[in-house]
Structure formats: structure tokens, C-alpha cells
Amino acid sequence: AHACAESIPELNKMVTGVQALGNIRVFCRCRPLSKAEISAGSAQVVDFDAAKDGDIGILTGASTKKTFKFDRVYTPKDNQVDVFADALPLVTSVLDGYNVCIFAYGQTGTGKTFTMEGTDQNRGVNYRTLEQLFHIAKERSETFMYNISVSVLEVYNEQIRDLLSTSPTSKRLEIKQSAEGFHHVPGIVEAQVENIMEVWNVLQIGSNSRAVGSNNVNEHSSRSHCMLCIMVKSKNLMTGDCTKSKLWLVDLAGSERLAKTDAQGERLKEAQNINKSLSALGDVVYALATKSSHIPYRNSKLTHLLQDSLGGDSKTLMFVQISPSERDLSETLSSLNFATRVRGVELGPAKRQV
Ligand code: ADP
């Protein structure tokens, strides 16, 4: 069952508004049926009757339903404000000195980018997080001095790219551990930001450079992990104590399995790398949730980069994004199974044929 449930009671007390379930939380968000799906008469297979209790039902057949349990379930009617309200306690924790990782997982087209980046009219977790960090930092300015910097990275085919760098470099970016024990990538741009306008500019630069060198931006985005790293340094003006904390906000590559017919050349390599890194992420979070003695961070660039913000006393939030459409049923079940395992719940063994 939930091995992490009683593990860190003092941390749970600090997180208000979210059911106390250890330091790994999974929120499930389902997008609305698209116009194309509606006009094609696509059936909806998701049942939200018990969404308030964190249950989501998936109609797997005419009279069969499989129910999954999460810390939150969002229906297509829930908006960006509703979603961010639940993530806010974790954002506040960063200013209290905790490392945090928030990531969106799911099939391409299920709303990962919508949740994390959002749109100009409907801004997502990334922008709202930074807006709140500045807001809270200002409220605390009599006691604390904060210094906030932002880096934007992309991991594609197990290679790290600095999306804020203006100098094209052929040098491979590698992960190193600092004397203080922090994992970092020497040489990447860490943009100091003082207000939300500066953040907006930085995010725009990051998203523009994602497009450089790819023929199809959407396809490229769905096959790479986009990672925003926010470093917060704080100084307590009364005691002189300094802390450093790190918040990762990650829009993962699409989790869909590649059709066998497409499995050739560059596409095959991409698919294998995505599969490797998403499995590594699942393995790390599961190992943490079940308090395993070995946490396999080094199995992918993604988990190695996130190491400081996964485990220890850090806090992790996963958004599992799903489609409501019958057409996506098998990918939806696969994502929900992955997310269930991440919560520390071992999936039952597959039934054996006798
Ligand atoms: P992904 O990043 O998983 O590939 P996107 O974020 O690009 O998916 O979402 C696919 C489409 O669905 C986009 O047009 C997006 O605006 C829309 N969409 C996703 N989630 C929602 C939502 N909760 N409400 C409204 N539209 C959404």
C-alpha cells in the first residue's frame, strides 16, 4: 500500500491544502475532448463521479470499469487557477529551503505543456510559480533576502542543451556535483531574475530556442524533456543564516509507445531514449516511495539532473495527464498504471494463463 504515507509527518504538517500522503503526490488531469474528437463522435471513457475523493474511473468495456486513486483528480472543467492552487504549498516550500520537483507525464496531446507552460491567456504552473515566488519573497522581505535565478534546459536523446545559451557550443554538457553536494551543469546560463517581466522574457528565449534546428517544433517538443530549474538563495536578515534550494518544473517527452511500423532509424533511437528516461524516472520515484536502499538516479540524464529534488526531504509532484477519448484508451491505462506505481503502490502481478 502507500509505503510513504506515514514516513515524514513533520513535512506533511507543513503542506496544507493537499492530503498528507508523504512527500510524493500524484495529481491526475484529464483534458476536454477536442473539437476534432467531438465531430468524429469519439466516445468519452473517463468517469469523474468520485473525482472529489481522488478516484477516476476508466470504462474499459461495455460494462467494465477500472478505478485509480490519486491525491487529486481534475476534470476537464477545472482550470489553471484550480490546478495551481493545489501546487502552491510546494512552491512556498521552496522559499522555506526545500527542494521541489513538479513534472507532467503523459501521452502527447494530453495537456502536459498546457499544465506547465499554459498559453498567453491561460498561463500554467511555470509562470504562476515564479509569480508567487516573487509575491511571497516580497511579503517576507523584512526578514529574508532572496536571490532567484532561472535556467532552461532540454534533454533530447540523452543529451543536455542549454536553451538560454546564445553561443552555439559543440561541447557536451555534463552533470557535476559541487562541493556542497548540489548536482549542476557547469557552464549553463543561470539568469538572475528580479521580477515577473524578466521571467517572461527568459521563458520566451527558452521556448524560442527549442525550435532552433528542428523541422517540426511540435514533434521535437514531444520527444524531448523541457526542464526549468529555479534556484533560490535566501538569507535570514535576523540570524544571517543562508539556504539554497532548487525547484525543477518539467514538461516530459510524450510517454506513448512507438508503433512497430515506425520503429526505424532516428525515430527508434528517440523512442528508446524516451523510454529509458521515463522508466528511470518511474524507478527512482518508486524506489523513494517504497524506501528502497538503492535509488537508481544515474540511469538517465533526466533523473541524474533531478537528483537533488527527488528524495531526501524534497517534495515531488507528478501530474499524470490523460485524454478522455476512447481512441486513447490503451495509452491512458498505461499512464495511469505508471502513475499508480509512482505513488508507491505495487501493481498486482499479471494473471498467468493456465
Ligand atoms: P502535450 O504537451 O501533452 O503534448 P498540449 O499541452 O500541447 O499536450 O495539449 C494538446 C491540446 O489540448 C492543446 O491544444 C491544448 O491547448 C489543449 N488542452 C490540453 N489540456 C487542456 C485543458 N485542460 N483545457 C483546455 N484545453 C486543453
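Could you give the nm distance between label points at K233 and T67, where each point is 7 Å from its Cα heading toward the beta carbon?
With each label point 7 Å from Cα toward Cβ, the separation is 5.1 nm.
Just to verify a number: FRET efficiency for T166 and D47, C-beta to C-beta distance, R0 = 45 Å, to 0.05?
0.35
Sorting K246, K276 on the 10 Å Cβ count, fewest up front, what's the list?
Final ranking by Cβ density, sparse to dense: K276, K246.
So which of K69/K276; K138/K171; K138/K176 end up more than 29 Å apart by C-alpha?
K138/K171; K138/K176, as the Cα separations exceed 29 Å there.
Please compute the length gained on full extension between S141 and H183, using 0.36 nm multiplied by the number of residues separating them and subtracting their Cα-Cα distance.
That pair, S141 and H183, stretches by 12.3 nm at full extension.
Please state the shape class of the stretch 72-151: rounded when a/c is under 1.5, otherwise prolate if a/b exceeds b/c and oblate if not, all from the C-alpha gyration tensor.
prolate
Quick check on the exposure proxy: order R341, R298 from fewest to most C-beta atoms within 10 angstrom.
If I rank by nearby Cβ atoms, fewest first, I get R298, R341.
If we count every other residue with Cβ under 12 angstrom of L252's Cβ, Lys/Arg +1 and Asp/Glu -1, where does the sum land?
So the environment of L252 carries a net charge of -1.
Any aspartates and glutamates with Cα under 13 Å of the K269 Cα? List them, leaving off those in the same chain fewer than 8 positions away.
In chain and number order, the partners are E158.
Taking the Cα-to-Cβ direction at I38 and at T119 and moving 7 Å from each Cα, how far apart do the two end points lie in nm?
Here the modelled spin labels are 1.3 nm apart.
What full-extension length gain, to one decimal in nm, is calculated for L258 and K244 as 0.36 nm per residue of separation minus the Cα-Cα distance?
Fully extending the segment from L258 to K244 adds 1.0 nm.
Ranking K35, K244 by Cβ neighbours within 10 Å, fewest first, what do you get?
K35, K244
Check the straight Cα-Cα distances from K66 and name the lysines below 24 Å, setting aside those fewer than 8 residues away within the same chain.
K52, K77, K112, K351
Taking the alpha-carbon distance from K291 and a cut-off under 16 Å, which lysines remain once sequence neighbours fewer than 8 residues away in the same chain are dropped?
K315
For the chain, calculate the relative contact order in percent as a whole number, restricting contacts to Cα pairs under 8 Å that are 6 or more residues apart.
27
Hey, what did the stretch 94-249 get for relative contact order, percent, Cα under 8 Å, at least 6 apart?
Value for the stretch 94-249: 33 percent.
Values quoted throughout were computed directly from the atomic coordinates according to the rules given, and no laboratory measurement underlies them. Remember, it's a predicted structure, so these values are computed and weren't measured experimentally. Counting neighbours? That spans all protein chains shown, and the Cβs are built from the backbone with ideal geometry, glycine included.
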